[in-house]
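J.: Shown below is the structure under consideration.
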Amino acid sequence: MDAVRSGLSVVQERRVLSLFLHSRLHLLYKASVHGYTGEQFHHRCDNQGPTLIAAYNKAGFVFGAYTAKNYNQTEELVVDAKAFLYSMSAGEEYLPPLRVASIDGQYGFFDGTEGPDFGALVFLQEEQAKIASDPGTGFNFSPKEMHGDDLDLTEFEVYRVEDLGGLLAKPWRSVQWTAERRQQLKRGIQAYQPEIDSVSKARVLLLGPVGAGKSSFFNSMNSVFRGNMTSQAICGTAGRSLTTQFRTYSIRAGKGGEEIPLILCDTMGLEEKEETGLDIEDLVNIYKGHIQDRYQFNSSTPIEPDAAGYKKKVTLKDRIHCVVYVFNTANFSILPDNMLKKIRAIRKKTNQLGIPQLLLMTKVDEACPLVAENLSNVYRSTYIQKKAQDLSAAVGIPLNCVMPVKNYSQELELEQNVDILLMSAVQQMLNYTDSFFENQVKEEGEEVAACHVQRVSLTNSLGL
Ligand SMILES: Nc1nc2c(ncn2[C@@H]2O[C@H](COP(=O)(O)OP(=O)(O)OP(=O)(O)O)[C@@H](O)[C@H]2O)c(=O)[nH]1
Ligand SMILES: [Mg+2]
């Protein structure tokens, strides 16, 4: 999923987005990966709402068409007053794209079963990397300006155009974006003490799809407390999980400083297929504290009790006290059904074991340009609010357990607002850890009470 990347450069994307108001592009289909066929195009692009085509040619043009209507293979002409064709040529980075509205202001496209057909421009002509160009049919343009007279394509992509909806007048969560708040959060986390004497640190497990930002979250928190950028956990992008070991990370406040009372446990990413990625049996062993730091996961064979890396004797301090599901805000909506099924199965198991759960929405900067511009817009972005609601519904986690964050990914210096958002998430993790311990105390109390009742009834039955 992460391997299919947009062919648009940052500048090209910005230029295309200048054609819309507060929108973002979401790649649905890339012909060089999925195939230059009408079937593949319709499979991925039908009923997706507003979409934008980006066709690339050797002459250096990126051009295409926008429609606000669905592709649906109705074999009819679709009227769309919002449809337009556009073109950008290389070397014009600072100019807005050429935009061509239809001749009658109504023409959209012919909704057939083959490639998209906007009359004057027909894409995937004859199921090949080609276009047919016929200015005057629906739209009028100069072929030289539109595509440099080059009809062969080097790439063909379709994006969903997602409306970001602007900013809410009032944020849906209030945050104090101040230096005092940053300090207060830092002090609060450092001073945290679990309610149970035998446990000195909260053990929080990060779980989620490959590339969601689990390792980056640890690195970011480590940086916040160190006071400078760190990259202890390996992170980056690859088709498969970069993290293949179970890692338990402590965090020190400052270089050589004291450890803070939090252990972040990093796992291998979850993968869509049954036999790949983190295995649910391994996960239960992690929850119970049986898997040791640096255990090398093997998707095809879960750990056995006599294996190296299996800790037989475990106590409450080795167990996972809080589970955090980590999702990339931007690509969550294209998570395959199998992945969601896997996550629901994990949720069920986690509930059975009574472990509190939170959801971390990462990459809010990538998801919404208004947030990238200013992180304090995170709770005012209509788009982020919608994503939080969608994620909450899909994973079955209440909205008040959903925490948006931005990890450090390219910065050289710490930033106050990034720190505040990251530490607010950790603060919540510690609150949830407390509820885990409260349950333990309650259960132990109930056990003691049950023993007492048993003893009393035994005493009674013996007539003592
Ligand atoms: N812009 C931005 N990039 C991020 C953010 N979080 C992570 N990244 C980037 O996303 C990529 C993947 O992040 P990782 O932390 O390696 O993801 P992971 O969940 O540990 O992935 P696996 O170990 O492979 O399962 C890296 O290139 C990070 O720099 C974020 O909040 N914003
Ligand atoms: Mg990782």
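Nothing in this text is a laboratory measurement; each read-out follows from the coordinates by a stated rule. Everything quoted here is computed from the prediction, not taken from an experiment. Here the Cβ is made from the backbone with ideal geometry for all residues, glycine too, and neighbour counts use every protein chain on show.
J.: What ranking, highest mean first, results for peptides 12-19, 172-179, 406-413, 112-119 when packing means the other Cβ atoms within 10 Å averaged over each residue?
T.: Numbers: 12-19: 17.0, 172-179: 12.5, 406-413: 15.5, 112-119: 20.6.
Packing order, densest peptide first, comes out as 112-119, 12-19, 406-413, 172-179.
J.: Just how large is the dipole of region 273-379 about the Cα centre, in debye to the nearest 20, putting +1 at every Lys and Arg Cβ and -1 at every Asp and Glu Cβ?
T.: With only Lys, Arg, Asp and Glu charged at Cβ, the dipole is about 520 debye.
J.: Mind listing the long-range amide H neighbours of residue 210? Cut-off is under 5 Å, sequence gap 5 or more, other chains count too, H placed in the peptide plane at 1.01 Å from N.
T.: 270
J.: Of 381, 189, 292, whose Cα points farthest to the positive end of the dipole of region 179-450 (charges on the beta-carbon: +1 Lys, Arg; -1 Asp, Glu; origin at the Cα centre)?
T.: Ranked along the dipole, the leading option is 381.
J.: Take every Cα pair under 8 Å in region 10-163 that's 6+ residues apart, average their separations, divide by the length, and report that relative contact order as a whole percent.
T.: So the answer I get is 32 percent.
J.: Report, in degrees rounded to the nearest 10, the 0 to 90 angle that the Cα long axis of helix 214-226 makes with the longest principal axis of the chain.
T.: Once rounded, one gets 70 degrees.
J.: Would you kindly state how much longer the chain becomes between residue 345 and residue 172 on full extension, computed as 0.36 nm times their sequence separation minus their alpha carbon distance, in nm to one decimal?
T.: This chain segment gains 59.3 nm when fully extended.
J.: Figure the gain on full extension for residue 33 and residue 20 (residue separation times 0.36 nm, minus the Cα-Cα span) and round it to one decimal in nm.
T.: The residue 33-residue 20 span can extend by a further 2.0 nm.
J.: Cα centroids of region 66-111 and region 265-311: how far apart, whole angstrom?
T.: If we compute the Cα centre of each part, the gap is 50 Å.
J.: Considering amide H positions built from the backbone, and no H for Pro or chain starts, which residues 5 or more places from residue 360, or on another chain, come under 5 Å of its amide H?
T.: Counting only residues 5 or more places away or on other chains, the set is 325, 326, 327, 403.
J.: I've got another one for you. Would you kindly calculate the translational diffusion coefficient of the chain, applying Stokes-Einstein with the Kirkwood radius from alpha carbon pairs, for 37 °C and a viscosity of 0.692 mPa s, and quote it in µm² s⁻¹ without decimals?
T.: Value of D from the Cα-based Kirkwood radius: 132 µm²/s.
J.: For the modelled label position 7 Å from the Cα of residue 438 along Cα-to-Cβ, which residues of region 170-198 have backbone nitrogen atoms closer than 20 Å?
T.: 188-189, 191-198
J.: Express in nm, to one decimal, how much length is gained between residue 276 and residue 142 on full extension, taking 0.36 nm for each residue of separation and deducting their alpha carbon distance.
T.: Length gained, residue 276 through residue 142: 43.1 nm.
J.: Right, here's the next one. Going 7 Å from the Cα of residue 337 toward and past its Cβ, which residues in region 147-184 have a backbone nitrogen under 14 Å from where you end up?
T.: Answer for region 147-184: none.
J.: Right, another one. With point charges of +1 on the Cβ of Lys and Arg and -1 on the Cβ of Asp and Glu, referenced to the Cα centre of the chain, which listed residue (427, 68, 7) lies farthest in the positive direction of the dipole?
T.: 427
J.: Using unit Cβ charges (K, R positive; D, E negative) and no other charged atoms, how large, in debye to the nearest 20, is the dipole of region 1-91 about its Cα centre?
T.: My answer is approximately 420 debye.
J.: Can you give me the C-alpha center-to-center distance between region 179-203 and region 354-381, rounded to a whole angstrom?
T.: Here the two parts' Cα centres lie 23 Å apart.
J.: Another question about this same structure. For labels at residue 431 and residue 411 in the simple 7 Å Cα→Cβ model, what's the distance in nm?
T.: Taking the simple label geometry, residue 431 and residue 411 are separated by 2.3 nm.
J.: Using the Karplus equation 6.51 cos²θ - 1.76 cosθ + 1.60 (θ = phi - 60°), what ³J(HN,Hα) coupling, rounded to whole Hz, does each residue of region 4-18 give in order, writing x for Gly and Pro?
T.: Taking θ as phi minus 60°, the curve returns 7, 10, 5, x, 6, 6, 4, 5, 4, 4, 4, 5, 4, 5, 5 Hz for region 4-18.
J.: Could you derive backbone 3J(HN,Hα) for region 413-424 from the dihedral phi with the Karplus parameters 6.51, -1.76 and 1.60 (θ = phi - 60°), listing whole Hz in sequence and x where the residue is Gly or Pro?
T.: Computed from phi, the couplings for region 413-424 are 10, 6, 10, 3, 5, 5, 4, 4, 5, 5, 6, 4 Hz.
J.: Tell me the mean residue ellipticity at 222 nm calculated for the chain from its helices only (DSSP H runs of n ≥ 4, each -39500 (n - 2.57), averaged over every residue, nearest 500).
T.: -9500 deg cm²/dmol
J.: Can you give the relative contact order of the chain as a percent, counting alpha carbon pairs under 8 Å and 6+ residues apart?
T.: Relative CO of the chain lands at 14 percent.
J.: For region 199-277, max minus min Cα coordinate along each principal axis, in Å, sorted largest first?
T.: Extents along the principal axes: 42, 29, 15 Å.
J.: Next up: Mind checking which lysines have their Cα closer than 23 Å to the Cα of residue 312? Skip sequence neighbours fewer than 8 apart in that chain.
T.: Within the straight-line cut-off, residue 312 pairs with 201, 288, 349.
J.: Less than 18 Å apart at the alpha-carbon level, and either on another chain or at least 8 residues along: which lysines does that give for residue 342?
T.: Those lysines meeting the cut-off are 214, 273.
J.: Could I ask something else about it? Quick check: the angle from helix 179-190's long axis to the longest principal axis of the chain, C-alpha only, nearest 10 degrees?
T.: 40 degrees
J.: Would you mind working out the magnitude of the charge dipole of the chain relative to its Cα centre, with +1 at each Lys and Arg C-beta and -1 at each Asp and Glu C-beta, to the nearest 20 Debye?
T.: Its charge dipole is roughly 2020 debye.
J.: Provide Rg and Dmax in Å for region 179-450, with only Cα atoms included in the calculation.
T.: So, for region 179-450, Rg and Dmax equal 18.0, 58 Å respectively.
J.: Another one. Short version: ³J(HN,Hα) in whole Hz for each residue of region 370-382, in order, from phi by Karplus 6.51 cos²θ - 1.76 cosθ + 1.60 (θ = phi - 60°), x for Gly and Pro, what are they?
T.: Each residue's phi maps through the Karplus curve to give 5, 7, 4, 5, 8, 4, 6, 7, 4, 8, 10, 6, 4 Hz.
J.: Show me the ranking of peptides 5-11, 99-105, 208-214 by mean Cβ neighbours inside 10 Å, starting with the highest.
T.: Details: 5-11: 13.1, 99-105: 15.7, 208-214: 26.1.
Answer by packing, highest mean first, reads 208-214, 99-105, 5-11.
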